1. Hey, can you grab everything whose amide H is under 5 Å from the amide H of Val151? Only 5+ residues off in sequence or another chain; H modelled, so Pro and N-termini drop out.
2. Once both axes come from the Cα atoms, what is the angle between helix 2-22 and the longest principal axis of the chain, in degrees from 0 to 90, rounded to 10?
3. Each residue of the stretch 65-74 in order: what ³J(HN,Hα) in whole Hz does its phi give by Karplus 6.51 cos²θ - 1.76 cosθ + 1.60, θ = phi - 60°, with x for Gly and Pro?
4. Helix-only mean residue ellipticity at 222 nm, the chain, DSSP H runs n ≥ 4 weighted -39,500 (n - 2.57), per residue, nearest 500. What is it?
5. Collect residues whose amide H, placed 1.01 Å from N in the peptide plane, falls under 5 Å from the amide H of Val90; neighbours closer than 5 in sequence don't count.
6. In the neighborhood of Pro72, defined by Cβ-to-Cβ distances under 14 Å, what is the net charge if each Lys or Arg adds +1 and each Asp or Glu adds -1?
7. Quick check: the angle from helix 162-171's long axis to the longest principal axis of the chain, C-alpha only, nearest 10 degrees?
8. If you count only protein heavy atoms with a 1.4 Å probe, what accessible area per residue comes out for the chain, rounded to a whole Å²?
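The values are calculated or read from the model by the stated rules, or taken from the named source; none is laboratory data. Everything quoted here is computed from the prediction, not taken from an experiment. Ideal geometry is used to build each Cβ from the backbone, glycine not excepted, and the neighbour counts take in all protein chains shown. For accessibility, only protein heavy atoms count, side chains too; no ligands or nucleic acids. Shrake-Rupley method; radii C 1.70, N 1.55, O 1.52, S 1.80 Å.
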Amino acid sequence: TRIASSVGKTFAILFAIAGLALGNLLLVAIAVFVFMGAEGEKRQVLVETAIGELRVGDFVSPLVEPVDAREPVAVVARRLVRERVLAVPVTDCGAPIGVVGVNEIEVVRADRREEVAVREVVLPLVVAPEDPVSAAIGTMERADVALLPVVANGMLVGTLRRRDVLRWLRLRPLESPA
């Protein structure tokens, strides 16, 4: 994968040089996307290799108090600011249904946030303790969310936070061999 990533980056650089030399901005744009794709793929493979077969349950953080899907978006926005968090789990009649974060709230015009219920902007994403953490991190990256609700037997049991996995990856090299 490192070789494929290096080859992809090399082609991207060659495309960029050719695009600049020929005055072809489309070729330069393609070069940027190829370069970013190669780097992203390399990073994903490195994370998957480091995480291996670990499961979401290995990283579950204590439960973050969920918000009810009927709450106005404005109430949740104030809570995110007050608690300095980027996202919270969402429940509907006590059942976990997903997550809502800053990005979802920002989609709603400020003058409508008191009228719009969280259920209208919730991301219907949850994970189970037995799910591979690498797949969960991929979901978080694609959805651009800071956490995912962890659900077991229909109950919210905790959250998976991106920062906890990243912290583990950063500290892992310091572990002494057993």
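1. Val127, Ala128, Val157
2. Between helix and principal axis, roughly 70 degrees.
3. For the stretch 65-74, the Karplus-derived couplings read 4, x, 9, 7, 4, 7, 4, x, 4, 4 Hz, x marking Gly and Pro.
4. Numbers: 6 runs with 86 residues, N = 178.
It comes out at -15500 deg cm²/dmol, rounded to the nearest 500.
5. HN-HN under 5 Å from Val90: Val67, Ile97, Gly98, Val99, Val100.
6. Values: positive: Arg70, Arg78, Arg79, Arg109, Arg112, Arg113, Arg119; negative: Asp68, Glu71, Glu104, Asp111, Glu114, Glu115, Glu120.
Charge balance in the 14 Å sphere: 0.
7. Helix 162-171 sits roughly 60 degrees off the main axis of the chain.
8. Values: 10810 Å² over 178 residues.
Ligands and nucleic acids excluded, the figure is 61 Å² per residue.
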